[in-house]
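Accompanying notes for the structure given below.
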């Protein structure tokens, strides 16, 4: 499985730096942080910053979780998660244990920061994949090459929601919020206000099982409504190998839509927000179906790359 990358300004010079999550077993293949020099080149400052990391890293997310003005970094991986606090001097400290994020097992693939309870502190949503342990579960082979087995060989996992206490620590509210009640095989993550009630909802792209859409009730709880909203399956009624996810208003109608990537021969579905809490699969009418059928997409993004006012 490919690992992720994070673009963020870690040193406050207003230039985006690059962090690559590189989970591997051999030395020299750990995480990498590249500082943007501002002249079109980057410098490897991983060791100086203290971000070499360890274990099998998969994804990452940056945000100022402690409201001190510096961008901090969360790294998701197999059996372990890391929270790196930005000291503001170009270095990071491992704040995982102190923040209360060190417990729990599983395969965390991606994560995102959002203020679900509108208290001014960023909370953390962690997307979990399947129950797999390196060294314990036997690998599969494709053409004699060692590979991950198909997701159907493994049980899914619930996702996790950590509430920011505002003092540098977090509390696991997965159970009480309702997030932990849904078991899937999560990969991608997107935040959006799909029903226009002013509260951030959560979309999770699941691999080979229906996608999740968690509706925020504003009282600290979420209800999973993916199937009812029309984003759990594609228009053929199939659960895809969903991986990447992004939410933007692609047709400029004031409502956020969802675009998901998947495996080759599945297309990358575009779910257009119809209002009233419902989505329609517009993959083929927008020609995205034909354009993406031959490809496998691990991640994606919606943006106006040529500044013409239309999302690409």
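The values are calculated or read from the model by the stated rules, or taken from the named source; none is laboratory data. Note that the structure is predicted; figures quoted are calculated from it, not measured. Neighbour counts are summed over all protein chains in view; Cβ atoms, including those assigned to glycine, are modelled from backbone coordinates with ideal geometry.
Quick notes
- Checking 171, 199 one by one, the residue that is in a strand (DSSP E or B), closer than 30 Å to residue 85 by Cβ and more than 17 Å from the chain's Cα centre (by Cα) is 171 and no other.
- Residue tally, condition out of contact with any helix residue (DSSP H, G or I) (no Cβ under 6 Å at 6 or more places or on another chain), buried (at least 16 other Cβ atoms within 10 Å of the Cβ) and part of a strand (DSSP E or B), over segment 78-125: 16
- Subset of segment 258-274 that is under 17 Å from residue 215 (Cα atoms) and crowded, with 24+ Cβ neighbours inside 10 Å - its residue that is nearest to the chain's Cα centre (by Cα): 258
- Residue in segment 174-193 that is within 30 Å of residue 68 (Cα to Cα), surrounded by fewer than 14 Cβ atoms within 10 Å (Cβ to Cβ) and modelled with pLDDT of 95 or more present: yes
- Unique match (being in contact with a helix residue (DSSP H, G or I) (Cβ under 6 Å, 6 or more places away or on another chain), free of Cβ contacts under 8 Å to residues at least 60 places away in the same chain and surrounded by fewer than 21 Cβ atoms within 10 Å (Cβ to Cβ)) among 15, 32, 37: 32
- Every residue from segment 45-72 that is touching a strand residue (DSSP E or B) at 6+ places or on another chain (Cβ under 6 Å) and not in a loop (DSSP other than H, G, I, E, B): 46, 49, 56, 57, 58, 59, 60, 61, 62, 63, 72
- The C-beta contact set for segment 140-158 (first residue at negative phi and surrounded by fewer than 11 Cβ atoms within 10 Å (Cβ to Cβ), second residue at pLDDT below 85 and part of a strand (DSSP E or B), distance under 8 angstrom, 6+ apart or interchain) comprises 141/147.
- Consider segment 212-232 and keep the residues that are out of contact with any helix residue (DSSP H, G or I) (no Cβ under 7 Å at 6 or more places or on another chain) and in a loop (DSSP other than H, G, I, E, B). The one that is farthest from residue 276 (Cα to Cα) is 219.
- Filter pass, residue 312 being modelled with pLDDT of 95 or more, farther than 19 Å from residue 232 by Cα, out of contact with any helix residue (DSSP H, G or I) (no Cβ under 9 Å at 6 or more places or on another chain) and surrounded by fewer than 13 Cβ atoms within 10 Å (Cβ to Cβ): no
- Enumeration of residues in segment 145-161 that are at pLDDT 85 or above and either over 23 Å from the mean Cα position of the chain (by Cα) or part of a strand (DSSP E or B) (or both): 145, 156, 157, 158, 160, 161
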